[in-house]
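Asker: This is the structure I want to talk about, given as structure tokens.
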Amino acid sequence: MQSQQGNKFTIPIGPQHPALKEPEHFEFNVDGELVTGASVRLGYVHRGIEKGTENRSFVQSMYLLERVCGICSHVHATAFCLGVERLAEIEAPPRAQAIRVLVAELERIHSHMLWLGVGAHEAGFDTLFMYSWRDRETVLNLLEDITGNRINYSTNVLGGVKCDIDREQAAAIRQGLDFLEERTTHYLDVVTSDMMFLRRTRGVGVMTYDESQRLGAVGPTARASGVARDLRVDAAYAAYDKYPVNLVTETAGDLEARFVVRIKELFESFRVIRAVLDDLPEGDLTTRMPRRVKEGDTISRVEAPRGELFYYIKSNGTDTAERVKVRTPTLPNMASVLTLAVGHQLADMPMILVGIDPCFSCNDRMVSVKGTLDSQCWTWEQLRQYGIEYYR
Amino acid sequence: MNTLRAVIALLFFPGGLFILFAGMAYEWVDRKLIARFQNRIGPRWFQPLADSIKLLAKEEVIPTDVNAILFVVLPVIALAGALASALYVPIIGLEPSYSFSGDLIVTLYLLSLLTLCTGLAGANTLDRFSLVGATRALTQMFSYEAPVLLALLGPAIVAESWKISVISEYAKSHWLIITQPIGFLVAVIGLMGKLEMPPFDAPEAETEIVAGALTEYSGRGLALFHLGKSVELMVGLTLVTAFYLGGVANPLLFFAKTLMLLVVVAGVQSLLTRLRIEQTVGLWWRYGALLALAQFLVMIAYEGVA
């Protein structure tokens, strides 16, 4: 009972808790069932990936960075590839760019379906959870058919993509999409008309437009509050200028709007994938990529299923990056959880938390370091020592 | 002879072993049905039994700073209450083993023991999830108890007795679900609330408060609480069936009717989203209690006229 300061009653959620699929620690002060304060402690799954890229070549880093996130592995690789290709002053062939878009949208479907299930589970609606995850198998099978893997597809290579789409695969994708579209229509109907489910989502966790701007929310979380921001539209990368995406926004800003935005984005993904399949450019899959990348730095931004994914890549002219900085969309969205939590029921906490579609282990970076070293730059040995000391 | 009969009734049939195994069988049917509704495969037929044996064999960890006696005794009382209630209801269509005037009230009280013990067990430990779970369990109990009582008193009034055997005898010739549909609904939903089934599973909502009041329980205590719940499922289904679904004249009818009711209950469980605790209370007092009361008044008026 140590964290029960004064007469506050604190409910800890995490680092080990059935509501969380990854370890992160939240503390909610409650007055009865009403939440009066919230705090978070991040960093349980810091893995040193950024540092890891510093003694791996660009090619080897691809493997590492794909594993930042288990759900949106492709966008991480895409962000890194686009950045490094820009530094190397090459451009992947149009067919490769189109396949990048195709896989990214399939991945978005997989991610949103997964989230729909998790969101329903947090509300205690396990039937929707089971059904959406069953249907998600369709898209996982398609991804396996194209890339050989259900997750961590490693479609990208520097300078292009590894896998091609042939006629049969295209037909299989179309067939899978038809099935998914039918199911998604049903789910949209469920989340907007099921009275019992609406009791848990409508008007809960309302984030206004101003608030979402102030808190810096990104991705579907912001779009549910009416923020028209999507990198696929605003700063089209890969082949998104050729296959434009229509922005999906809602204005309500509550949990229902977040469900609706994500489900409507699924329809956009279906449409974009069909457009890519209809009009897939012929040509090579890769261009030649020089081993050494010219000196310089760049920022690469892509739209992950959860929002804006940000990469900063600095090259020093060798085959190894000098610095890779990753910011995943969970971090900017986290503030909204803590702000929205206050004033809600304890029972709404898991849903508000999951409403941003958090991905904790992607998000954990070492931000500030308390310690004896003044230097901003640490060696592996120092980091290792710090880790040992920290957990002693 | 009387002693022997009492021992058999208490330990083997219809109380004791029989109701334990029957309860576990019904729990399996419930779990299997929900699993099939949710497109899952579901547990094998012996899963509840295997769970119970495993839990009973496990070490029970008694947390520090709890009243150890209460911690151990509460699950026993909960199970004992549920088992005792089985003696007063027409299990598998037979006459209740024991019967006296007003046993309906005693049975309802015995059935509430489980929730009461769960709440106390949660309040006994210092675990924060348990405390919140206990508060919710007791809050929920206070919201459904009155409407359910009203719902079960409906048949008692038309049968003009508070004796379960008399009411079930009367119900064999009257399908009370037709004359008292609101009472039936309230009774079934109340049973689900009593057993903390979805959508009334806020007291043990795993995504919020882990396992609610029973978070600190492992091993034997947990097994006893679970068994108590299974027994209560069986007894509750028997009561509602005997009162509202045309009675249970023989074992075949009993199983057919209770299992049909269980299918309905499982369907409701898989269709609905969990209610927040304040929504549960609101539902019961705003609709459940008022509707039950309205039907009650209509019945009294009708009886008075007739």
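Asker: I need two numbers for the range A:14-107: Rg to one decimal and Dmax as a whole number, Cα atoms only, in Å.
Answerer: 19.1, 60
Asker: Suppose each label sits 7 Å from its Cα in the direction of the beta carbon; what would the B:Phe100-B:Ser218 distance come out to in nanometres?
Answerer: The answer from the label model is 4.3 nm.
Asker: Let me confirm one metric for peptide B:264-274, namely the mean number of other chain beta-carbon atoms within 10 Å of its residues' beta-carbons.
Answerer: Counting other chains' Cβ atoms within 10 Å and averaging over B:264-274 gives 4.
Asker: Normalising by the residue count of chain A, find the relative contact order in percent from Cα pairs under 8 Å and 6+ residues apart.
Answerer: The value is 24 percent.
Asker: Just which residues of the range B:114-136 lose 40 Å² or more accessible area with every protein chain there, against their chain alone, with the probe set to 1.4 Å?
Answerer: With the partner chains in place, the range B:114-136 has these residues losing at least 40 Å²: B:Arg128, B:Phe129, B:Val132, B:Arg136.
Asker: Let me ask something else about it. If you fit an axis through the alpha-carbon atoms of helix B:47-57 and take the longest principal axis of the Cα set of chain B, what angle between them do you get, 0 to 90°, nearest 10?
Answerer: 50 degrees
Asker: Take A:Thr185 and B:Arg36, extend 7 Å from each Cα along the Cα→Cβ direction, and tell me the distance between the two endpoints in nm.
Answerer: 3.0 nm
Asker: Can you tell me how much longer the chain between B:Tyr109 and B:Lys54 gets when fully stretched, taken as 0.36 nm per residue apart minus their C-alpha distance, in nm with one decimal?
Answerer: Stretched fully, the B:Tyr109-B:Lys54 segment lengthens by 16.8 nm.
Asker: Which net charge results for the neighbourhood of A:Ala123, defined as the other residues with beta-carbon distances under 14 angstrom from its beta-carbon, given Lys and Arg at +1 and Asp and Glu at -1?
Answerer: -3
Asker: Next question. I need the helices of chain A that pass two filters: whole DSSP H segments spanning 20 Å or more by Cα along the axis, and mean Kyte-Doolittle score no lower than 0.5.
Answerer: Going by DSSP H runs, the hits are A:73-88, A:255-278.
Asker: Over all distinct alpha-carbon pairs, what is the Kirkwood Rh of chain A in angstrom?
Answerer: Taking the inverse mean of 1/r over all distinct Cα pairs, chain A comes out at 22.0 Å.
Asker: Then there is this: For A:Phe197, tell me the accessible area in Å² from a 1.4 Å probe, rounded to the nearest 10.
Answerer: Surface accessible to solvent at A:Phe197 totals approximately 0 Å².
Asker: With a 1.4 Å probe, what is the total accessible area buried between chains A and B, in Å² rounded to the nearest 100?
Answerer: In total, chains A and B hide about 2700 Å² from solvent.
Asker: Give me the net charge for the shell around B:Gln47: Cβ to Cβ below 12 angstrom, other residues only, Lys and Arg +1, Asp and Glu -1.
Answerer: Neighbour charge sum, excluding B:Gln47 itself: +1.
Asker: For B:Gln47 and B:Ile157 in the same chain, what is the full-extension length gain: residue separation times 0.36 nm, less their Cα-Cα distance, in nm?
Answerer: 35.5 nm
Asker: Next question. Where in the range A:169-209 does the label zone of A:Leu285 land, with the point 7 angstrom along Cα→C-beta and an amide N cut-off under 19 Å?
Answerer: Answer for this model: A:169-174.
Asker: Can you give the angle from 0 to 90° between the axis of helix B:16-37 and the longest principal axis of chain B, with both taken from C-alpha atoms, to the nearest 10?
Answerer: So the inclination is approximately 90 degrees.
Asker: Under a Cβ-Cβ cut-off of 15 Å, what is the net charge of the residues other than A:Glu168 that fall near it, where Lys and Arg count +1 and Asp and Glu count -1?
Answerer: Charge balance in the 15 Å sphere: -2.
Asker: Taking B:Lys229 as the anchor, which aspartates and glutamates have their alpha carbon closer than 15 Å to its alpha carbon, excluding any fewer than eight residues away along the same chain?
Answerer: Reachable aspartates and glutamates: B:Glu27, B:Asp30, B:Asp51, B:Glu196, B:Asp201, B:Glu204.
Asker: B:Ser85 accessible area, nearest 10 Å², 1.4 Å probe?
Answerer: Using a 1.4 Å probe on the heavy atoms, I get roughly 0 Å².
Asker: Moving on to the next point. Taking H as built 1.01 Å from N, whose amide H comes closer than 5 Å to the amide H of A:His25, not counting residues under 5 places away?
Answerer: A:Arg41
Asker: When you look at the Cβ of every residue in A:17-25, what mean number of other chain Cβ atoms sits within 10 Å?
Answerer: 2
Asker: While we're on this one: When the accessible area of the range B:34-157 is computed with all protein chains present and a 1.4 Å probe, what percentage of it is carbon and sulfur?
Answerer: Carbon plus sulfur share of accessible area: 70 percent.
Asker: Something else now. Between A:Tyr63 and B:Leu126, what FRET efficiency follows from the Cβ-Cβ distance if R0 is 56 Å, with the result rounded to 0.05?
Answerer: So, using R0 = 56 Å, E works out to roughly 0.75.
Asker: Okay, moving on. On full extension of the chain, what length is gained from A:Arg86 through A:Tyr312, given 0.36 nm per residue of separation minus the C-alpha to C-alpha distance?
Answerer: 80.2 nm
Asker: Still on this structure, please answer the following. Per residue, how much accessible surface does chain A expose to a 1.4 Å probe? Answer in Å², no decimals.
Answerer: Counting only protein heavy atoms, the per-residue value for chain A is 41 Å².
Asker: Using label points projected 7 Å from each Cα along Cα→Cβ, tell me how many nm separate B:Ala301 and B:Val264, to one decimal.
Answerer: Roughly 2.6 nm, to one decimal.
Asker: Now, a different point. Mind pulling the angle between the C-alpha long axis of helix B:103-124 and the longest principal axis of chain B? Nearest 10 degrees, somewhere in 0 to 90.
Answerer: So the helix axis and the longest Cα principal axis differ by about 20 degrees.
Asker: Any idea what the alpha-carbon Rg over 2.2 N^0.38 Å comes to for the protein assembly as shown?
Answerer: Normalised by 2.2 N^0.38 Å, the Cα Rg of the protein assembly as shown equals 1.13.
Asker: Can you compute the FRET efficiency between A:Thr192 and B:Ile69 using 1/(1 + (r/R0)^6), with r the Cβ-Cβ distance and R0 = 51 Å? Round to the nearest 0.05.
Answerer: 0.45
Asker: I've got another one for you. Where nothing but the Cβ of Lys and Arg (+1) and of Asp and Glu (-1) is charged, how large is the charge dipole of the protein assembly as shown around its Cα centre, in debye to the nearest 20?
Answerer: 620 debye
The values are calculated or read from the model by the stated rules, or taken from the named source; none is laboratory data. Computed from a predicted structure; not experimentally measured. So basically every Cβ, Gly included, is an ideal-geometry build from the backbone, and we count neighbours across all protein chains shown. To get the accessible areas, we keep the full protein, side chains included, count just its heavy atoms, and leave off ligands, DNA and RNA. Shrake-Rupley method; radii C 1.70, N 1.55, O 1.52, S 1.80 Å.
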